[in-house]
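The values are calculated or read from the model by the stated rules, or taken from the named source; none is laboratory data. The structure displayed is predicted, hence computed values, not measured ones. Here the Cβ positions follow ideal geometry from the backbone for every residue, glycine too, while neighbour counts run over all protein chains shown. We work out accessible area using only protein heavy atoms, side chains counted, and drop any ligands, DNA or RNA first. Shrake-Rupley method; radii C 1.70, N 1.55, O 1.52, S 1.80 Å.
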Amino acid sequence: MPRTMKAVVKTAPHLGAEWRDVPVPMPLPDWVLLRVRATSICGTDVHIYGWNQWAQTRIGIERLPQILGHEVAGEVVEAGSQCRCIRVGDYVSAETHIYHPADLQAMLGQRHIGERMKIVGVDHDGCFAEYFAVPESVCWVNDGAIPPELAAVQEPMGNACYALLGEDCDVAGKSVVILGDGPTALFAVGIARAVGLTTIVVIGASSYALGIARRMGADHTLDITDSGVDRVQYVRDLTGGYGADLVLDMVGAASAIQEGLKIIRKGGRYSAFGVSGSATIPIDYNNGIVFRGIQIHGISGRKLFDTWYRVRNLLASARVDIRPIITHLLPLERFTEGFETAMGTPRQCGKVVLFPDAQELAAARQRMSAT
Ligand code: ZN
């Protein structure tokens, strides 16, 4: 095992990160060490890379330097002395919400939102590196049929799964409006198609991403830059005049949230996944939520490990083919290009996947070009 490795490190409280030599982490007794095979850029990484208001308050300068990244697929190369389930050689991904088993929420089946829960790449060093240490308790053994470039994105696909299915999974034969066209929104389209929603509408701002949404199975896409369209009426027209059974907010902008509450039908479910830039958003509480009987479900992470199980099965069975969403494969060293791609507006990418190892990247490129 080498002593040092290359890693993408957030070193200073402003835009950017550095490509640095750092020590290979030593796993704690109940942690494992992975050789990272593939890792992908998430919105959270973009917030930290850009050092926005959220990153400044949630992470803070005192935690720097810190390795970025949390979406991963890798091979276990070392297992601590107390590990009982995960073994050297296992091909795994990792849940990023490191739960505390004694939290009340964890005991009630809500491990992803426990009081003492910690997040990889936010509270701990992340996986934009050659090696990555993570607790055994959050490792998820991958199906060998799922290649690393797809296995790495199971974590955000789990967000999409949870936002769409909610707690009761009562979605078949229903309509959904997805606000946003980022990768998680696009994953949600594929899952919606596979699990039998009958009207799938995506409202976004990138004609490129909306094209991917259609390839993933969206029935209708609407570009918000097409200002002549009354979006509330547009959705009513597609849903028999009622409004959508489900609205997934994957934007977080005040205007999208306000509109989402008008687009949803009476008694519908609103999944709140987009993180708002401002903490206070004016909404018509009485007429928008109370008297319309709207259920609002905050989505912070994914249900463990229910969503991992479903996502694995959806990918391994090819019921959902997410390859149209994996638009960029890059060497990890070119992370700056990856971030610039992910941050560009209007969006000209789906998911950006990074590879520390040149051979892994070449193999992934070959698999993707064979499709
Ligand atoms: Zn993520």
Could you please find all residues in region 290-326 being open to solvent by less than 70 Å² (accessible area, probe 1.4 Å), over 15 Å from the mean Cα position of the chain (by Cα) and under 20 Å from Val251 (Cα atoms)?
Ile294, His297
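List the strands (runs of 3 or more DSSP E) inside region 243-330, counting only whole elements, that have at least 1 residues being over 15 Å from Val176 (Cβ atoms).
It comes to 264-272, 295-298.
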Can you say whether Ala172 is modelled with pLDDT of 95 or more, among the hydrophobic types (A, V, I, L, M, F, W, C) and surrounded by 18 or more Cβ atoms within 10 Å (Cβ to Cβ), as far as the supplied structure shows?
no
Region 53-86, residues that are free of Cβ contacts under 8 Å to residues at least 24 places away in the same chain and either within 18 Å of Ala151 (Cα to Cα) or open to solvent by less than 60 Å² (accessible area, probe 1.4 Å) (or both)
Ala55, Gly60
Under the condition of being open to solvent by 20 Å² or more (accessible area, probe 1.4 Å) and in contact with a strand residue (DSSP E or B) (Cβ under 6 Å, 6 or more places away or on another chain), which residue from region 137-159 is farthest from the ligand (Cβ to nearest atom)?
Val141
Would you pick out the residues in region 185-222 that are open to solvent by 20 Å² or more (accessible area, probe 1.4 Å) and among the polar types (S, T, N, Q)?
Thr198, Thr199, Ser207, Thr221
Quick one: which strands (runs of 3 or more DSSP E) lie wholly within region 1-72 and hold at least 3 residues that are away from the ligand (no atom under 16 Å from the Cβ), in contact with a strand residue (DSSP E or B) (Cβ under 8 Å, 6 or more places away or on another chain) and farther than 19 Å from Cys139 by Cβ?
4-10, 18-23
Would region 232-250 turn up any residue that is farther than 30 Å from Gln53 by Cβ, acidic (Asp, Glu) and open to solvent by 40 Å² or more (accessible area, probe 1.4 Å)?
yes
All-but-one check, Trp19 against (1) crowded, with 17+ Cβ neighbours inside 10 Å; (2) closer than 17 Å to Leu330 by Cβ, failing number (1)
The residue from Val92, Val122 that alone is closer than 23 Å to Val311 by Cβ, among the hydrophobic types (A, V, I, L, M, F, W, C) and modelled with pLDDT under 95 is Val122
Test for Thr225: is it open to solvent by 10 Å² or more (accessible area, probe 1.4 Å), hydroxyl-bearing (Ser, Thr, Tyr), away from the ligand (no atom under 15 Å from the Cβ) and in a loop (DSSP other than H, G, I, E, B):
yes
Tell me which residues, restricted to region 108-141, are assigned to a strand (DSSP E or B) and of a type in the set (Phe, Trp, Tyr).
Tyr131, Phe132, Trp140
